[in-house]
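Bear in mind that the values in this text are calculations on the coordinates, not laboratory data. Here the structure is a predicted model, which is why all the values come from computation and not from measurement. Because the Cβ atoms are built from the backbone with ideal geometry, glycine has one as well, and the counts that use them run over all protein chains shown.
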Amino acid sequence: MDTEAAILDIKKTTKSRVQEVDFNNLPFGKVYSDHMMYCDYVDGEWQQPKIRPYGPMEFDPSTKVFHYGQAVFEGMKAFKDDNDKVWLFRPERNFERINNSSKRLAIPEFPKEYFFERI
């Protein structure tokens, strides 16, 4: 797939939880965004990434991760400064880590354009 021509596939949440977030107290692994991004790899090619409301994910029982334990995940931490501007914590390092993990597991590396365009 040509990442330059990729169209964003976004479904926004119907109710944001951002007003419930205490930005002065963000414990790691306890507060999640309203949305999540995922991307399938089919027939040797990354498919169009999708952004969906945060929630449970549905998997086919034959999904390889259940049989061979082959998966990687990378979370991204964000915060607001005193001027309410949102900052991401080391996104380049997150991108490097997910692809280093992919290399170790012989999973195809994720395209940089997909990673940063969806953030």
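Helix 91-104 and the longest principal axis of the C-alpha atoms of the chain enclose an angle of approximately 30°.
If R0 equals 35 Å, the separation of the Cβ atoms of Ser33 and Gln70 corresponds to a calculated FRET efficiency of about 0.85.
What pairs in Lys77/Lys112; Lys30/Lys103; Lys12/Lys50 have C-alpha atoms more than 22 Å from each other? In this structure, Lys30/Lys103 exceed 22 Å between Cα atoms.
Two-decimal Rg/Rh of the range 52-119 from alpha-carbon positions, Kirkwood Rh?
1.05
Electrostatic bookkeeping for Arg90 treats Lys and Arg as +1 and Asp and Glu as -1; over the other residues with beta carbon under 13 Å from its beta carbon, the sum is 0. Amide H contacts of Met36: Arg52, Tyr54, each under 5 Å away and 5 or more positions distant or on a separate chain (H built 1.01 Å from N in the peptide plane; Pro and chain starts excluded).
Could the peptides 25-38, 104-117, 57-70 be put in order, highest first, of the mean number of other beta-carbon atoms found within 10 Å of their residues?
Details: 25-38: 11.9, 104-117: 13.8, 57-70: 9.1.
The most tightly packed comes first, giving 104-117, 25-38, 57-70.
Adding -39500 (n - 2.57) for every DSSP H run of four residues or longer, then dividing by how many residues the chain holds, sets the calculated 222 nm ellipticity at -6000 deg cm²/dmol.
I need the fraction of alpha carbon pairs in the range 7-69 separated by more than 14 Å, rounded to a whole percent. So the pairs more than 14 Å apart make up 70 percent of the total in the range 7-69.
Mind pulling the per residue volume of the convex hull built on the Cα atoms of the chain? Å³ is fine.
Working: hull volume 16.7 nm³, N = 119.
So the per-residue hull volume is 140 Å³.
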